[in-house]
Each structure stands twice: as structure tokens, then as C-alpha cells.
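Okay, structure first, notes after.
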Amino acid sequence: MFLGLALGFIFVTIFNLEGINKIIILIASASPVGYNTLTFASLEKLDKEFASSVISYSILTGIILTPLLLFLFS
């Protein structure tokens, strides 16, 4: 999530975005890992428990980080 946020900052800086566009890009780039992780792990016969743990931890981090980012960028 932090890597995505860093890439979002780079994207916003390169394209000189401001206002609501900047906030949307930064929040979306810091969003948690999607559920596709578990689907791909299941299809490729990988460790499904690890994939579900990654999803759970990223959602928990997202619950804490998203309101904080909204407060900081508003």
C-alpha cells in the first residue's frame, strides 16, 4: 500500500494534478490489495491461506490509513 501511495505521489507530481483529482489518485493508489489475489492463488494452486492473510492485513491497514489520508489531503 505504501509503494502504491509513493507511485501515486509520483504520478500526481508528473502530471501536476491538483484539487479533487489529486486526492482521488492518492487515495486510490493507497487502496488495499484486491480480492483477485485470492482468486489467482486458488487458480495457480498457490498458498491460499497466505493470500487470504495478505488481503486481511491490507484491509485492516486500509481501514486505518484511508481516513487518515483523507484528513491529510483535504
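Structure data summary
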quantity: Relative intensity, log₁₀ I(q)/I(0), of the chain from a Debye sum that treats every alpha carbon as a point, q = 0.14, 0.15, 0.16, 0.21 Å⁻¹; calculated: -0.52, -0.57, -0.63, -0.86
quantity: Estimated 222 nm signal from helices in the chain, with DSSP H stretches of n ≥ 4 weighted -39500 (n - 2.57), rounded to 500; calculated: -26000 deg cm²/dmol
quantity: Length-normalised contact order for the chain - Cα pairs under 8 Å, 6+ apart - percent; calculated: 33
quantity: Loop GluC sites (Glu not before Pro), the chain (other Cβ atoms within 10 Å of the site Cβ: 12 or fewer; DSSP); calculated: Glu18, Glu44
quantity: Karplus 3J(HN,Hα) series, Hz, for the stretch 50-57 with 6.51 cos²θ - 1.76 cosθ + 1.60 (x for Gly, Pro); calculated: 5, 4, 5, 5, 4, 4, 4, 5
quantity: Under the Karplus curve 6.51 cos²θ - 1.76 cosθ + 1.60, θ = phi - 60°, whole-Hz ³J(HN,Hα) for the stretch 8-19, x wherever Gly or Pro sits; calculated: x, 4, 4, 4, 5, 5, 4, 8, 6, 7, 9, x
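Readers should treat all values here as calculations from the given coordinates under stated rules, not as data from a laboratory. Source: prediction; values computed, not measured. Backbone-built Cβ (ideal geometry, glycine too); neighbour counts: all protein chains shown.
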